[in-house]
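Derivation of every value follows stated rules applied to the coordinates shown; laboratory data play no part. As the structure is a prediction and not an experimental result, all values here were calculated from the model. Positions of Cβ are generated from backbone atoms using ideal geometry, with glycine treated the same way; all protein chains shown enter the neighbour counts.
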Amino acid sequence: MPLHYEATKPLAVPDSEFNENHIAVLLVIGNRYGGQWTINLLTQREHPDEATPMGTIETFYDHQREDLTDNPRYAQLGLDTAILWLLAEAKRRNWRLLVWESLNDQVPEDARKFTIGARVAFGGEQFVPAPGATYADEILTGAAKP
């Protein structure tokens, strides 16, 4: 179950992030201080520490989940929340969420409770799906056909 969140910086992906096939490959980076996650969507063209977020959400601290904040699964809840946010944003813009790849295994072990990461690919409005291909938005929402 994802965490409650609010958008603190509305999502705005510049056209320049999309390639000639109308695909944008971006990074999701989140950090938490205490129980709240701050999750940003960033370009891959700059180092994450120097990139300006294209959108930001912040989770609400949930006292009912206080026991989870020290649990390694709390990082997955942060990623689940980011997925929910980006699925909703993609649908609102008539985009497709093509790829979702967790990068949490690349985060140093001692930082995994406080840092999350993922790579995401969006297909813009002009994106043409490949025949027979199944994309992340279909898998994540259960719309994929077996």
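With label points built 7 Å along Cα→Cβ from the Cα atoms of LEU68 and ALA143, find their separation and express it in nm.
2.5 nm
Compute the long axis of helix 73-93 from its Cα atoms, compare it with the longest principal axis of the Cα atoms of the chain, and write down the angle in degrees, 0 to 90, nearest 10.
Compared with the principal axis, the helix lies near 30 degrees.
Would you mind ranking MET1, MET54 by Cβ crowding within 10 Å, fewest neighbours first? Can you show the working numbers first?
Working: MET1 8, MET54 19.
Placing the least packed residue first, the sequence is MET1, MET54.
Gain in length, ASN31 to PHE114, computed as 0.36 nm per residue apart minus the alpha-carbon separation, to one decimal in nm? Intermediate values should be presented prior to the final figure.
Values: separation 83, 0.36 × 83 = 29.88 nm, distance 0.55 nm.
Result for the pair: 29.3 nm of gain on full extension.
With θ set to phi - 60° and the Karplus curve 6.51 cos²θ - 1.76 cosθ + 1.60, what are the ³J(HN,Hα) couplings of region 33-45 in order, to the nearest whole Hz, using x for Gly and Pro?
10, x, x, 8, 9, 10, 10, 10, 9, 10, 6, 8, 7
Take HIS22 and HIS47, extend 7 Å from each Cα along the Cα→Cβ direction, and tell me the distance between the two endpoints in nm.
The modelled label-to-label distance comes out at 3.6 nm.
I need ARG73, ARG32 ordered by Cβ neighbour count within 10 Å, fewest first. Let's see the in-between values first.
Values: ARG73 9, ARG32 20.
Placing the least packed residue first, the sequence is ARG73, ARG32.
Any idea what log10 I(q)/I(0) is at q = 0.13 Å⁻¹ for the chain, Debye with uniform C-alpha scatterers and no solvent?
Taking Cα atoms of the chain as identical point scatterers yields -0.58.
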